[in-house]
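What follows is a single structure, written as structure tokens, with notes after it.
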Amino acid sequence: MNKREFMKVFNEQLKGIPEQDKKDILYDYEEHFTIGMNEGREEEDIAKSLGHPKSLAKEMRANYMITRVEESFTVGNFFRALFASLGLGFFNLVFILGPFIAVAATIFALFVSGVAFIVSGLFVIIAPFFPNFFDNVPSPILGIFVGLAISSLGGLWTIGTVYLSKWFYLITIKYFKFNLSIIVNRRK
């Protein structure tokens, strides 16, 4: 593969990266070819030493997405980084995606259960005031205190889940970076 073919494939595979960043990346690889040719190397040899352009572009996209999610967290950025990292290897897709989904679903379930505690506590608080709708309410005072206790527990549960989800997010980003560094170092 010569320089023109390499750069064409590389440019096509850099989709999803802003145009200015793409130009910077392409310029860096143009420099690799220029420096190598000044040293007397053939274009094919330089292209071979750089690696396959599709693999390089996957790494560049993953690196860009991880940097982007670190700079400004949005759910969209997070999932773009996730899928870019998953695209880097079969291992990630098979062995990491399943546990990731399980942990994310567990955190979501914990959050929903915390909100359910809060809502159920509110219902226990208002139950004594609507005896036609709620049966078996022993005492209005007891209902209010039990409702406050349940809602408070739900609030603490939800706050704990938010901290857990932030921790999970940070661990996931660290894994993305670790994974990318392994792939880049393996290529060198």
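Taking the numbered list (1) surrounded by 16 or more Cβ atoms within 10 Å (Cβ to Cβ); (2) at pLDDT 80 or above; (3) within 30 Å of Trp157 (Cα to Cα); (4) not acidic (Asp, Glu) in turn, Asn77 passes all entries but (2). If only residues of region 5-48 that are under 34 Å from the mean Cα position of the chain (by Cα) and among the basic types (Lys, Arg) are counted, the one that is surrounded by the most Cβ atoms within 10 Å (Cβ to Cβ) is Lys22. Within region 111-131, the presence of at least one residue that is out of contact with any Gly (no Cβ under 8 Å at 6 or more places or on another chain), under 28 Å from Arg68 (Cα atoms) and at pLDDT 85 or above is confirmed.
Residue pairs whose Cβ atoms lie under 9 Å apart, separated by 6 or more positions or on different chains, with the first residue in region 101-115 and without any contact (Cβ under 8 Å) to a residue 60 or more places away in the chain and the second outside any helix (DSSP H, G or I), do not occur. The set of residues in region 102-148 that are surrounded by 13 or more Cβ atoms within 10 Å (Cβ to Cβ) and either among the small types (Gly, Ala, Ser) or not in a helix (DSSP H, G or I) (or both) comprises Ala104, Ser113, Gly114, Ala116, Ser120, Gly121, Ala127, Phe134, Val137, Gly143, Gly147. Of everything in region 52-74 that is of a type in the set (S, T, N, Q) and under 22 Å from Ile171 (Cβ atoms), the residue that is surrounded by the most Cβ atoms within 10 Å (Cβ to Cβ) is Asn63.
The values are calculated or read from the model by the stated rules, or taken from the named source; none is laboratory data. As the structure is a computational prediction, the values presented were derived from the model and not from experiment. Cβ atoms come from the backbone with ideal geometry, glycine included; neighbour counts cover every protein chain shown.
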